[in-house]
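Only one structure is covered here, and it is reproduced in the block below.
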Amino acid sequence: MPDPARGVGSRCISLYAWTIPAMTMAGTDSVPPDMHYQEAGLIAGARNGASSCVRILGFIVLLGLCGRADAQAKAPLGVFDSQTDAGTVLHAGSAKWDAAHDIYTVTGSGENIWANADAFHYVWKRMSGDISLAADIAIQTAGGNPHRKAVLMIRQSLDADSVYADAALHGSGLTSLQYRDTKGAETHEIQSSLSGPARLRIEKRGDTVYLFVAAGAGDSFIPAGASIKVPLTGEFYVGIGVCAHDKDAMVTAQFSHVELKTPEPMTGEPVLISTLETVPIDSTDRHVTYVSASHFEAPNWTRDGTALIFNRNGHLERLPVTVEVHPVATGAPQMINTGAQDRCNNDHGLSPDGQWLAISDSSQPDHQSSIYFVPIGGGTPRRITSASPSYWHGWSPDGKTLAFTGQRNGDFDIYTIPAAGGEETRLTTAKGLDDGPDYSPDGQYIYFNSERTGHMQIWRMHPDGSGQEQVVRDETNDWFPHISPDGKQMAFLAYGSGVEGHPPNKDVELRLLSLSDGKIRVLAKLLGGQGTINVPSWSPDSQKVAFVSYELLPADEAELHSGAP
């Protein structure tokens, strides 16, 4: 795409090339519409007797037209430098700035800001480094496509398929952090749990872009729980935009109280933001269900799909949610009574019939994790394992056996134990750490992760420990395999090749393996690791995966309630 900053000059040069020859043709007021200006020039060149007055008149007309073009392109745009239609747009957009009230009115067409190419009207400024752009946004055009949108955008270039990230407010109220992290790649999004906020902010710190929202015009910003790494390098474009989500329509939006600045550098200890997300395996459009300025981990879905259970501050909590593609919290999390066991960790899960919770807790005098049962609604726990440390990970489909990781004589291996209690059975003996066992829904296999090959990979074996075989072979360190209830897919977590163990707050990928053909694809990229999917987190219908992502923000930008009940 030509640089819009050069657009006026290009138009004037073309106009000059057409106007002068055309108006020097004796006895001719204009060039026929189908005549190219070079042809007109040749004709004019043959008519050397043309009046110089006509030449002067043509030049005056040229100056007038160029002056109007210059005036339109150089009209004041507040904190921004210029405007353009990005991508293929059938109807030219426009923007104007009301300096008295500091309001930007932007009108745009365009088919969408999505997939692998965008079309919209963009008002922009070139910048570099860390930036923060905030505005009150109101879409003025009623009706039309519910996904018409007004955006705050950071964009590497003005190419239609450019790398970008934006804070998008849709006509339906849907608010999301959209991004394309590779030129020409598909767009993805993280949807906010807040619909129709009055004010949005997009912030770039280093390679990470964050979304902040404010419900009302006078409310403070809070983290939306949506963030993603996007490689925006050198100089890039920062601005506001409008897309009609309909190539034949026009949509107008107003942006007020616009603030464009460089954020203050982070000083002191960052504040941890935990976000409970869900992602459909078909669309990979992530949705924020719950966000808190506290540390929580490891979601389990209840068997009826109406709640998610996670651990925080040594306790388990239950968050009620809707049963839909993008679950919405219908209330605040409520603590589950686990009696004296108040040091629960992130290894917990439900029985096949949904009536019991297995918890791993270290409240006993040796402060080593042991496995307990507690009723799903809470109650007095019953201890299952006598040896410790023991960390629950899986429950056999018939409900009779538990699979867990145990450290015995300094080695971490996979064990099973009857759900009623009794003797434990060691299943793995290979050198190195074996962890994360989970049953396949048909009960034929236990999947687990093992570092016996030199780095952590996904393996499986029969429930008696026989037939141990490697399932995934790649360069990443892979953890916590979980098979979908329908037995078709395996979700797991991938760390970089240089990461040891499963530490928190690392760049990781949530991946999906098709068990029918062995193909692997990425469901989500996030800051996470420990606590993200330690335990089974599939929805009962096998259509979604729940997980926890994290953000590390400056204290003055993390003003969320801790959320702890």
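The values are calculated or read from the model by the stated rules, or taken from the named source; none is laboratory data. All of these numbers come straight from a predicted model, not from anything done at the bench. FYI the Cβ positions are ideal-geometry reconstructions off the backbone, even for glycines, and counts take in every protein chain you see.
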Checking K247 against (1) closer than 21 Å to K125 by Cβ; (2) assigned to a loop (DSSP other than H, G, I, E, B); (3) in contact with an Asp or Glu (Cβ under 6 Å, 6 or more places away or on another chain), which single condition isn't satisfied?
(1)
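This table checks each residue for (1) of a type outside the set (A, V, I, L, M, F, W, C); (2) surrounded by 17 or more Cβ atoms within 10 Å (Cβ to Cβ); (3) closer than 17 Å to S176 by Cβ.
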{"residue": "I228", "(1), (2), (3)": "no, yes, yes"}
{"residue": "L232", "(1), (2), (3)": "no, yes, no"}
{"residue": "G241", "(1), (2), (3)": "yes, yes, yes"}
{"residue": "G305", "(1), (2), (3)": "yes, yes, no"}
{"residue": "L319", "(1), (2), (3)": "no, yes, no"}
Which count do you get for residues in the range 339-386 that are in a loop (DSSP other than H, G, I, E, B), more than 23 Å from L308 (Cβ to Cβ) and more than 36 Å from the chain's Cα centre (by Cα)?
11
Between a residue in the range 282-299 that is surrounded by fewer than 17 Cβ atoms within 10 Å (Cβ to Cβ) and any residue that is assigned to a loop (DSSP other than H, G, I, E, B), which pairs come within a Cβ distance under 7 Å, given they are 6 or more apart or on different chains?
S294/S562; S294/G563; S294/A564
Quick one: which residue in L553, L526 is closer than 28 Å to W395 by Cβ and touching a strand residue (DSSP E or B) at 6+ places or on another chain (Cβ under 6 Å)?
L526
Is there a residue in the range 283-290 that is at pLDDT below 95 and either under 26 Å from Y179 (Cα atoms) or among the β-branched types (V, I, T) (or both)?
yes
Output the number of residues of the range 264-304 satisfying the condition of being under 23 Å from the mean Cα position of the chain (by Cα) and under 19 Å from G349 (Cα atoms).
10
Please work out which residue is nearest to N534 (Cα to Cα), limiting yourself to the range 309-338 and to residues that are out of contact with any Asp or Glu (no Cβ under 9 Å at 6 or more places or on another chain) and outside any loop (DSSP other than H, G, I, E, B).
L316
Inside the range 538-561, can you point out the residues that are of a type in the set (G, A, S) and either within 19 Å of the chain's Cα centre (by Cα) or surrounded by fewer than 16 Cβ atoms within 10 Å (Cβ to Cβ) (or both)?
A546, S549, A555, A558
Any residue that is assigned by TED's automatic domain parsing to the domain that holds P463, outside any strand (DSSP E or B) and under 34 Å from the mean Cα position of the chain (by Cα) - is there at least one of those in the range 401-420?
no
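Rundown of residues vs (1) within 29 Å of S195 (Cβ to Cβ); (2) small (G, A, S); (3) buried (at least 19 other Cβ atoms within 10 Å of the Cβ), yes/no style:
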| residue | (1), (2), (3) |
| --- | --- |
| N313 | no, no, no |
| T322 | yes, no, no |
| P327 | yes, no, yes |
| A332 | yes, yes, no |
| M335 | yes, no, no |
| A340 | no, yes, no |
| P352 | no, no, no |
| Q355 | no, no, no |
Does D474 meet the test of being under 29 Å from I222 (Cα atoms) and either at pLDDT below 95 or surrounded by fewer than 19 Cβ atoms within 10 Å (Cβ to Cβ) (or both)?
no
Could you pull out the residue among I113, I154, I137 that is of a type in the set (A, V, I, L, M, F, W, C), touching a residue at least 24 places away in the same chain (Cβ under 8 Å), touching a His at 6+ places or on another chain (Cβ under 9 Å) and not assigned by TED's automatic domain parsing to the domain that holds V291?
I113
The listed residue being among the hydrophobic types (A, V, I, L, M, F, W, C) and either touching a residue at least 24 places away in the same chain (Cβ under 8 Å) or out of contact with any strand residue (DSSP E or B) (no Cβ under 8 Å at 6 or more places or on another chain) (or both), out of A198, A214
A198
Checking I533 against (1) crowded, with 23+ Cβ neighbours inside 10 Å; (2) touching a Pro at 6+ places or on another chain (Cβ under 7 Å); (3) part of a loop (DSSP other than H, G, I, E, B), which test does it fail?
(2)
Quickly run through the range 425-439 and pick out the residues that are free of Cβ contacts under 8 Å to residues at least 40 places away in the same chain and among the acidic types (D, E).
D434
